[in-house]
Every structure is written in structure tokens, then in C-alpha cells.
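Engineer: Sending over a structure as C-alpha cells; questions will come in a sec.
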Amino acid sequence: MRKKRNYKRIHKPDIKYDNVTVGRLINYLMIDGKKTAAQKIVLDTFELIKKKSGQEPLAVFNKAIENAFAEQYPAGWTEEEMRAVIEEKEVLGEYEAPTPSDTQDYQDNYGSKVL
């Protein structure tokens, strides 16, 4: 019997900011199916960011994601290139998520340059 084909998941955007990444963050924080509680946490945090920093919370969130991405992968690589490499390694069964020691090795070799 053949395996069922894995279809690509389509993630829904957040209601307030209409952003898929924020929607995925909410889903990641969700515990026991309580999505409204996770939404309240994220939206309250965004309001706190806006109140304390005076900047647009979505811009701060996107910059934080870029900084985390920059620390995890070599500088100069685009997101599409990294996704292609990761997908190829997943197909071959060679992909391993980076560990904290990998991140430390990267910082030792390349410094902590942030985009």
C-alpha cells in the first residue's frame, strides 16, 4: 500500500495584522487548543512593544525574526537558498536542526553580524 502524499500546508494569517508569521507564532504558543489565549498574549505583547518603543510592533517582530535567522545561517544566503538546502537535506534524511553549540561555533567563526 502506498503512503499518503504529504500536501503543503497553507498557514492562515493573523486576524489583526494579516501576517502569516504572526499567525504561526500564535499557533506555536497555543496550548491545549486555546488559540484565543495565545492571541491575547501575542497582541498584548505587540501593544507593549508599541507603547514602550514607539515603533510599529510588526516591524520590530520582523527584525527579530531576521536577526534570529542571521545568527543561525551564514551571511549572504537568501531565505530561498536556505529553504532549498533544508528541503533537499530533509528529503535525503540528513537534516538536523541547529543546536546551541552550532550557533556558538558560528559566532566564534563569523562573529555576531546582524543584517
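Engineer: Among the residues in region 10-23, are any surrounded by fewer than 10 Cβ atoms within 10 Å (Cβ to Cβ), out of contact with any Lys or Arg (no Cβ under 9 Å at 6 or more places or on another chain) and free of Cβ contacts under 8 Å to residues at least 12 places away in the same chain?
Structural biologist: Yes, there is a match, as at least one residue in region 10-23 is surrounded by fewer than 10 Cβ atoms within 10 Å (Cβ to Cβ), out of contact with any Lys or Arg (no Cβ under 9 Å at 6 or more places or on another chain) and free of Cβ contacts under 8 Å to residues at least 12 places away in the same chain.
Engineer: Test D44 against the stated conditions and say whether it is out of contact with any Lys or Arg (no Cβ under 8 Å at 6 or more places or on another chain), farther than 19 Å from H11 by Cβ, without any contact (Cβ under 8 Å) to a residue 60 or more places away in the chain and not in a loop (DSSP other than H, G, I, E, B). Before the answer, list the steps.
Structural biologist: On the way: out of contact with any Lys or Arg (no Cβ under 8 Å at 6 or more places or on another chain): yes; farther than 19 Å from H11 by Cβ: yes; without any contact (Cβ under 8 Å) to a residue 60 or more places away in the chain: yes; not in a loop (DSSP other than H, G, I, E, B): yes.
Answer is yes for this residue.
Engineer: Of the conditions (1) surrounded by 14 or more Cβ atoms within 10 Å (Cβ to Cβ); (2) modelled with pLDDT under 90; (3) over 14 Å from the mean Cα position of the chain (by Cα); (4) of a type in the set (A, V, I, L, M), M82 satisfies every one except a single condition; which number is it?
Structural biologist: Exception for M82: condition (3).
The values are calculated or read from the model by the stated rules, or taken from the named source; none is laboratory data. Here the structure is a predicted model, which is why all the values come from computation and not from measurement. Cβ coordinates were reconstructed from backbone atoms using ideal geometry, including for glycine residues, and neighbour counts include every protein chain displayed.
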